[in-house]
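The values are calculated or read from the model by the stated rules, or taken from the named source; none is laboratory data. Model, not experiment: these values are computed from the prediction. All Cβ positions, even for glycine, are placed from backbone atoms using ideal geometry, and neighbour counts span all protein chains on display. We work out accessible area using only protein heavy atoms, side chains counted, and drop any ligands, DNA or RNA first. Shrake-Rupley method; radii C 1.70, N 1.55, O 1.52, S 1.80 Å.
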Amino acid sequence: MEITPSELGLVARVTNLTKSYGSAPNTVTALDDVSIGIRRGEFTAIMGPSGSGKSTLMHIMAGLDTPTDGRAWLADTEITAMGDSELTVLRRRRVGFVFQAFNLVPTLDVRGNIVLPFELDGRRPTVVEKDWIEQLIDSLGLANRLTHRPYELSGGQQQRVAIARALATKPDLVFADEPTGNLDSRSGREVLALLAAASASYGQSIAMVTHDPIAASHADRIIFLADGRVVEERGRSSAEEISRIMLGMEQRV
Ligand SMILES: Nc1ncnc2c1ncn2[C@@H]1O[C@H](COP(=O)(O)OP(=O)(O)O)[C@@H](O)[C@H]1O
Ligand SMILES: [Mg+2]
């Protein structure tokens, strides 16, 4: 019997993950034998320079893409053994996403965007879930914006709607890909504080991909990628410490 990810305290795990694009001799290796675990209840940052394979890793962990080789689990479900339609259902029910470009539905108002995961799953929120959504709306400061469309909101407000949508179903894992990439520094800090609070206050597991040391300094744990490989791992660190590690990585190459 294999040890399960949950027995290891993990909400996601990948082992010996490789991803190559193109065919020889023009192969690009985006991921090269990556093995990591995302701990349940923690806010984990996956940090690395542009082109290091962060988005590729996130897409495979979230079941949006398949690896060339290796295995991936979400909780105790091996997603690399699943077909496309099963993966679609798994993503809807058990994963939340926050993207750099917000990815809100322009024709839906704020409330419509927040409850979209339930709509897509063909069900209505339960009483308990409705309560939770109202709490999220309050704590994210969206109460007086519920009938607004995305284009009527600032970038920071749009990203708060995306966070509310990602947290609404209390998914196993929320993936955030450069969530502050399109925000000014003040809105960016707010978004990071909200993600950190979701993990600290009710144990939401979050995996955030970023190249920004300030963003990574909000995480409980930081996994460093360079050229498709894991090169370092740290607990909570200051932006200065993270910058120093990044600089060291660049000099090693
Ligand atoms: N669809 C693709 N086709 C070919 N190469 C790709 C594709 N997606 C990513 N890559 C390459 O894989 C590497 C890692 O990309 P990516 O995961 O987007 O890095 P990051 O998110 O860290 O910037 C880069 O060299 C990139 O050019
Ligand atoms: Mg990327």
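Counting only C-alpha contacts under 8 Å and six or more residues apart, can you give the relative contact order of the stretch 1-113 as a whole percent?
On the way: 144 pairs, mean separation 29.3, N = 113.
In percent, rounded to a whole number, it is 26.
The residues of the chain have, on average, 47 Å² of accessible surface per residue, using a 1.4 Å probe with all protein chains present.
The stretch 86-160 and the stretch 200-235 have Cα centres separated by 24 Å. Normalised by the number of residues in the chain, the average gap of Cα pairs under 8 Å and 6 or more apart makes the relative contact order 27 percent. Calculated mean residue ellipticity, 222 nm, the chain: -10500 deg cm²/dmol, from DSSP H runs (n ≥ 4) at -39500 (n - 2.57) each, averaged per residue and rounded to 500. Under a Gaussian network description of the chain, with springs only between Cα atoms under 10 Å, the residue in 41, 122, 203 that fluctuates furthest is 122. Between residue 247 and residue 50, the contour length at 0.36 nm per residue exceeds the Cα-Cα span by 69.6 nm.
Given their separation in residues at 0.36 nm each and the Cα-Cα distance between them, residue 236 and residue 139 gain 32.5 nm when the chain is fully extended.
How high is the FRET efficiency between residue 202 and residue 78 when r is their beta carbon distance and R₀ equals 22 Å, given to the nearest 0.05? Write out the running numbers ahead of the final one.
On the way: r = 27 Å, r/R0 = 1.22.
For residue 202 and residue 78, the calculated efficiency is 0.25.
Quick one: net charge of residue 228's neighbours, Cβ under 11 Å, K/R +1, D/E -1? Each step should come with its number before you reach the end.
Working: positive: 19, 54, 229; negative: 32, 33, 227.
With Lys, Arg at +1 and Asp, Glu at -1, the net is 0.
Of the residues 201, 55, 23, the one that moves most in a GNM of the chain with alpha-carbon contacts below 10 Å is 23.
The residues 210, 180, 68, sorted by heavy-atom accessible surface at 1.4 Å with ligands and nucleic acids left out, run 68, 180, 210 from largest to smallest.
So, with a 1.4 angstrom probe, what is the percent of accessible area on the chain that is carbon and sulfur? Display every interim value, and only then the final one.
Numbers: 5850 of 11980 Å².
Taking all protein chains in place, the chain shows 49 percent carbon and sulfur surface.
The accessible area of residue 170, taken with all protein chains in place and a 1.4 Å probe, comes to roughly 110 Å².
If contacts are Cα pairs under 8 angstrom and at least 6 residues apart, what is the relative contact order of the stretch 121-253 in percent?
Values: 118 pairs, mean separation 22.4, N = 133.
It rounds to 17 percent for the stretch 121-253.
Taking the chain as a Gaussian network of alpha-carbon nodes connected by springs under 10 Å, the highest mean-square fluctuation of the residues 231, 98, 128 belongs to 128.
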